[in-house]
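Taken together, the values in this text are just the output of simple stated rules run on the coordinates, not laboratory data. Keep in mind the model is a prediction, meaning the values are calculated, not measured. We place every Cβ from the backbone using ideal geometry, glycine too, and count neighbours over all the protein chains shown.
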Amino acid sequence: MKAIISHDIDHITVTEHLLRDLIVPKFMVRTNLELALGKISLKEYVARWTDFLKNKWQNLDELITFNNVKQVPSTFFIGVKRGVGLSYSNELAAVWMEQIISRGCDLNVHGINFSDVDTIKEERELFQKLSGREAKGIRMHYVRTHQETLRYLNKAGYKFDTTVHAFEDPYKVGEMWEFPFQIMDGWVIENGKKWQSADLNEAKERTKKQIAKAQKHNLKYLGVDFHDRYFSRSFNTWLEWYFWVIDYLAQNKIEFVNYHTAISELESVKH
Ligand SMILES: [Zn+2]
């Protein structure tokens with residue numbers, strides 16, 4: 001089994017959310033609740049407000065640097081439409097697209113529309129216009145799908161999607177590869193709540209079980225989704241969890257690849 005690590009960009013600044021969605025009030029409630037429940041330390045609480053005042057809710061540079069040191073290929077999904085708490089502008093997205101591409105990372109679409117083929121096509125074209133790159137891959141924001149979503153993504157011209165959560169090997173939908181993924185930061189740390197409900201040890205134990213399950217299913221690729229927002233001391237448990245999961249996979253001799261390497265491997269086996 002090899003591992004594919006990827007990152008969804010849900011936020012860039014604090015101010016992008018003002019007057020647009022409820023992310024900021026939710027953040028305030030969540031942060032105070034996590035302190036009251038003893039899930040975060042006072043130091044972490046203060047760090048959260050520091051990031052807030054700095055208007056910095058992305059950690060892209062820091063995460064790319066860490067991945068490079070650990071020889072983990074960096075794969076990002078960035079949004080070009082607004083929806084469900086994803087509220088940054090195309091201008092700001094374009095600034096980061098350039099940065100991500102210039103650092104040699106793989107850049108794909110964090111999709112908003114999942115139910116209309118024309119809007120899906122339009123979103124793909126907008127990404128291409130803004131980034132100057134072909135949009136090869138996509139993951140839906142909030143992993144939203146309906147029964148036709150994968151067929152629509154294939155029709156729109158994507159080479160791969162990784163929205164489905166399942167312990168299954170990649171499979172083809174028309175010409176497109178679907179890469180089911182197994183582990184998301186929020187699933188192990190929030191565990192069904194809207195705030196951090198697990199501590200680091202619980203999150204590690206839960207993750208070990210998911211990795212063991214993937215091995216039991218003999219999966220070719222383990223998909224792990226970690227949000228760059230949490231690559232910060234202001235989300236200490238999340239940050240430490242990510243450090244740990246990368247080391248744990250490396251110690252278990254699990255190689256890191258990106259989607260493109262995986263697709264070549266899958267297609268060379270086929271022929
Ligand atoms: Zn998202």
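Structural remarks
- Calculated on C-alpha atoms, the gyration radius of the stretch 71-110 divided by its Kirkwood radius gives an Rg/Rh of 1.01.
- Scalar couplings 3J(HN,Hα) for the stretch 147-161, obtained by applying the Karplus form with A = 6.51, B = -1.76, C = 1.60 to θ = phi - 60°, are 4, 9, 3, 5, 5, 5, 5, 4, 4, 6, x, 5, 8, 8, 10 Hz; x denotes Gly and Pro.
- For the cross-link pairs Lys54/Lys194; Lys155/Lys220; Lys26/Lys54; Lys129/Lys213, the ones whose C-alpha atoms lie over 29 Å apart are Lys129/Lys213.
- Set of aspartates and glutamates with alpha-carbon distance to Lys43 below 14 Å, sequence-local pairs under 8 removed: Glu34, Asp51
- Whole-Hz Karplus values for the stretch 216-231 come out as 4, 7, 6, 5, 6, 9, 9, x, 10, 10, 10, 7, 4, 3, 8, 7 Hz, taken residue by residue from phi with 6.51 cos²θ - 1.76 cosθ + 1.60 and θ = phi - 60°; glycine and proline positions read x.
- Pairwise centroid distance, computed over Cα atoms, of the stretch 216-269 with the stretch 1-47, Å: 21
- Each eigenvalue of the Cα gyration tensor of the stretch 139-181, multiplied by 5 and square-rooted, gives one semi-axis; in descending order these are 14, 13, 8 Å.
- Value of relative contact order over the stretch 2-270, rounded to a whole percent, pairs C-alpha under 8 Å and six or more apart: 25
- Listed by Cβ neighbour count within 10 Å, with the fewest neighbours leading, Asp225, Asp51 appear as Asp51, Asp225.
- P(r) tail for the stretch 2-270: Cα pairs beyond 34 Å make up 15% of the total.
- The listed peptides 9-16, 65-72, ordered by packing as a protection proxy, come out as 9-16, 65-72 (highest mean of other Cβ atoms within 10 Å first).
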